[in-house]
1. From 134, 126, which residue is out of contact with any Gly (no Cβ under 7 Å at 6 or more places or on another chain) and at pLDDT 95 or above?
2. Filter region 122-139 for residues that are without any contact (Cβ under 8 Å) to a residue 12 or more places away in the chain, assigned to a helix (DSSP H, G or I) and either open to solvent by 50 Å² or more (accessible area, probe 1.4 Å) or closer than 19 Å to residue 69 by Cβ (or both) and give the result.
3. Which pairs do you get when a residue that is more than 20 Å from residue 85 (Cβ to Cβ) and modelled with pLDDT of 95 or more, found in region 167-178, comes within reach of a residue that is open to solvent by 10 Å² or more (accessible area, probe 1.4 Å) and not in a helix (DSSP H, G or I), reach meaning Cβ atoms under 6 angstrom, with the pair 6+ apart or on two chains?
4. Evaluate region 36-57: report whether one residue or more is of a type in the set (S, T, N, Q), farther than 21 Å from residue 186 by Cα and in contact with a Phe, Trp or Tyr (Cβ under 7 Å, 6 or more places away or on another chain).
5. What's the number of the condition residue 143 fails, among (1) of a type in the set (Phe, Trp, Tyr); (2) closer than 20 Å to residue 28 by Cα; (3) open to solvent by less than 10 Å² (accessible area, probe 1.4 Å)?
6. Can you tell me how many residues in region 45-102 are open to solvent by less than 50 Å² (accessible area, probe 1.4 Å), outside any helix (DSSP H, G or I) and out of contact with any Ser or Thr (no Cβ under 8 Å at 6 or more places or on another chain)?
7. Being open to solvent by 50 Å² or more (accessible area, probe 1.4 Å), in contact with a helix residue (DSSP H, G or I) (Cβ under 9 Å, 6 or more places away or on another chain), more than 17 Å from residue 98 (Cα to Cα) and not acidic (Asp, Glu): is that true of residue 5 here?
8. Condition check: of a type in the set (Asp, Glu), open to solvent by 40 Å² or more (accessible area, probe 1.4 Å) and either within 21 Å of residue 166 (Cβ to Cβ) or in a helix (DSSP H, G or I) (or both). Does residue 25 satisfy that?
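The values are calculated or read from the model by the stated rules, or taken from the named source; none is laboratory data. Please read all numbers here as calculations on a predicted model, not as lab measurements. Because the Cβ atoms are built from the backbone with ideal geometry, glycine has one as well, and the counts that use them run over all protein chains shown. Note: areas computed on protein heavy atoms with side chains; ligands, DNA, RNA excluded. Shrake-Rupley method; radii C 1.70, N 1.55, O 1.52, S 1.80 Å.
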Amino acid sequence: MVETLEQWDIDLFFAINSRHNPFFDQVFYFISHGLSWIPVYMLLFYFLAKFYGIKIALVQVLLAGAMVGLADVTSVYLFKNTVCRYRPCHNEAFRNFVHIVNDHRGGIFGFVSSHAVNFMTWTIVVFWFLKQQVKSNWLWLMFLIPLVVGYSRVYLGVHYPGDVAGGFLLGTVFGLAGILIWKRVINKRIKSR
């Protein structure tokens, strides 16, 4: 069963990674770079500040950032360095067939994708804060951010889809933990002042 799942993961990886062109190479390389999302983060902070005030918005962003930091460390030390699953671009069996962009390969091990973990953690926490104030279904489009970033990691040849899916799952856990911390600890302290 495990071997079958792994083969499906490899097959899906090549189905995505083998369909490339110079334009999308650069688009997905840009999307995969964390700093390219700064304008989006600034826009989200603007909305948090608009609905909650700057002080509370800063606390919310610090909480989201702290959860991302914890999620990132966990993804590396508890998963990547323990599971030791080679990234596709480092897998001796077929690394010569993997399409690489701008010679970017990342570290040796890839399960779970830290990009997927971090972007999903951030999105869940910030989505929840905004959802308390904005009742529009359009807000769900925020989840396109981790989905597009996750796809970019496979496209760029540095992760299998399973690495990304595992990252989304771990990011969901840390995102929900952040919401729980807000509800049970931080929000109560803010209200008691």
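1. On the way: 134 fails: at pLDDT 95 or above.
Answer to the selection: 126.
2. 137, 138
3. Nothing qualifies.
4. Keep residues of region 36-57 that are of a type in the set (S, T, N, Q), which gives 36.
Add one more test, that the residue is farther than 21 Å from residue 186 by Cα, and what stays is 36.
If we keep only those that are in contact with a Phe, Trp or Tyr (Cβ under 7 Å, 6 or more places away or on another chain) as well, we get 36.
Yes.
5. Among (1) of a type in the set (Phe, Trp, Tyr); (2) closer than 20 Å to residue 28 by Cα; (3) open to solvent by less than 10 Å² (accessible area, probe 1.4 Å), the lone unmet condition for residue 143 is (3).
6. Within region 45-102, residues that are open to solvent by less than 50 Å² (accessible area, probe 1.4 Å), outside any helix (DSSP H, G or I) and out of contact with any Ser or Thr (no Cβ under 8 Å at 6 or more places or on another chain) number 8.
7. Numbers: open to solvent by 50 Å² or more (accessible area, probe 1.4 Å): yes; in contact with a helix residue (DSSP H, G or I) (Cβ under 9 Å, 6 or more places away or on another chain): yes; more than 17 Å from residue 98 (Cα to Cα): yes; not acidic (Asp, Glu): yes.
When the stated conditions are applied, residue 5 passes them.
8. Numbers: of a type in the set (Asp, Glu): yes; open to solvent by 40 Å² or more (accessible area, probe 1.4 Å): no; either within 21 Å of residue 166 (Cβ to Cβ) or in a helix (DSSP H, G or I) (or both): yes.
The answer is no for residue 25.
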